[in-house]
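The values are calculated or read from the model by the stated rules, or taken from the named source; none is laboratory data. From a predicted model like this one, the values you see are computed outputs, not experimental measurements. Positions of Cβ are backbone-derived with ideal geometry, glycine not excepted, and every protein chain shown enters the neighbour counts. Remember, those area values only see protein heavy atoms, side chains included, never the ligands or the DNA or RNA. Shrake-Rupley method; radii C 1.70, N 1.55, O 1.52, S 1.80 Å.
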Amino acid sequence: MSGPPAPRVSARRETMGGSSMVACTVPMTALGGGLIALQAMAVSTGLPSTLVLLAACYAIIRGLLNEPR
C-alpha cells in the first residue's frame with residue numbers, strides 16, 4: 001500500500017453530507033413511489049449474488065466430498 005494517506009474529512013462536513021442525502025432521499029421515496037422501485041432494485045441485485053454464493057457453496061461441498069483420504 002503506497003501513496004499518501006487519504007485526507008481526513010471533518011465531522012461537520014460528514015454530518016452535513018449525510019443530512020443532505022437524507023433530505024433528498026426521503027421525499028423522493030415517499031412522494032414518487034420510489035419505495036417500491038427501491039425494493040425491486042434490492043431484489044434484482046440480491047438474487048444474482050445469492051445464486052453465485054449458492055454455486056460457490058456447492059463447489060466447496062463437492063470438493064470436500066471428493067477429497068482423497
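A few notes on this one:
- Condition met for ALA6 (without any contact (Cβ under 8 Å) to a residue 12 or more places away in the chain and surrounded by 10 or more Cβ atoms within 10 Å (Cβ to Cβ)): no
- Residues of segment 1-35 that turn out to be among the hydrophobic types (A, V, I, L, M, F, W, C), over 18 Å from the mean Cα position of the chain (by Cα) and assigned to a helix (DSSP H, G or I), as a count: 8
- SER19 of a type in the set (Ser, Thr, Tyr) and either open to solvent by 100 Å² or more (accessible area, probe 1.4 Å) or at pLDDT below 75 (or both): no
- Segment 40-69 - residue that is modelled with pLDDT of 80 or more, open to solvent by 90 Å² or more (accessible area, probe 1.4 Å) and not hydrophobic (A, V, I, L, M, F, W, C) and, of those, nearest to the chain's Cα centre (by Cα): TYR58
- Count - residues of segment 22-39 that are open to solvent by 60 Å² or more (accessible area, probe 1.4 Å) and of a type in the set (Ser, Thr, Tyr): 1
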